[in-house]
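Asks: Handing you this structure, nothing more for now.
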Amino acid sequence: MAEHNALGEWGERVAREYLLRQGYAIGAENTRIGKAEIDFIAIKDDRIVFVEVKTRTTDFVDPSEAVDLAKMRRLARAADTYIRSMNILHEPQFDVITIIGNPAADPSTAVIEHYPDAFRPPLSTR
């Protein structure tokens, strides 16, 4: 397995445990819809939450910068497809979780930043 894949899987495990501690009910993980993959689909309060996780080993570059406009559009399209196909009535929310750490170290040393309701879906121009 490629090193970046192992890092991403570790980050998602850390994020999963974090979300559960925060009271999120995780319904699906690594859901592929079209060209997009949604890391977590969860319920929190009265919202359906689509969570994107970005993991890095260093804070040299802010991991949240990887969630650019193109990524937001792909996530929004995938979320819209999911909501329509499952007939979901909850209000959608898009969260971003960044994790900086090393899989070889104790997971409790990971630096976790959670951005609830991080963005609104960009308007489509098509």
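Asks: Filter the chymotrypsin sites (Phe, Trp or Tyr not before Pro) in region 23-69 to those in DSSP coil with at most 13 other Cβ atoms within 10 Å of their Cβ, and list the result.
Replies: The qualifying sites are F60.
Asks: Nearest 10 degrees, 0 to 90: what angle lies between the long axis of helix 69-86 and the longest principal axis of the chain (Cα atoms)?
Replies: 60 degrees
Asks: Report, in degrees rounded to the nearest 10, the 0 to 90 angle that the Cα long axis of helix 3-21 makes with the longest principal axis of the chain.
Replies: 70 degrees
Asks: Also, quick follow-up: How far apart, in nm, are two points set 7 Å out from the Cα along the Cα-to-Cβ line at M86 and at N5?
Replies: Result: 2.6 nm between the two label points.
Asks: With point charges of +1 on the Cβ of Lys and Arg and -1 on the Cβ of Asp and Glu, referenced to the Cα centre of region 28-90, which listed residue (V53, T81, S64) lies farthest in the positive direction of the dipole?
Replies: T81
Read-outs: derived from the displayed coordinates by stated rules, not from any lab. Just so we're clear, the structure is a prediction, and the values are computed from it rather than from any experiment. Using ideal geometry, Cβ is built from the backbone for each residue, glycine included, and neighbour counts are taken over all protein chains shown.
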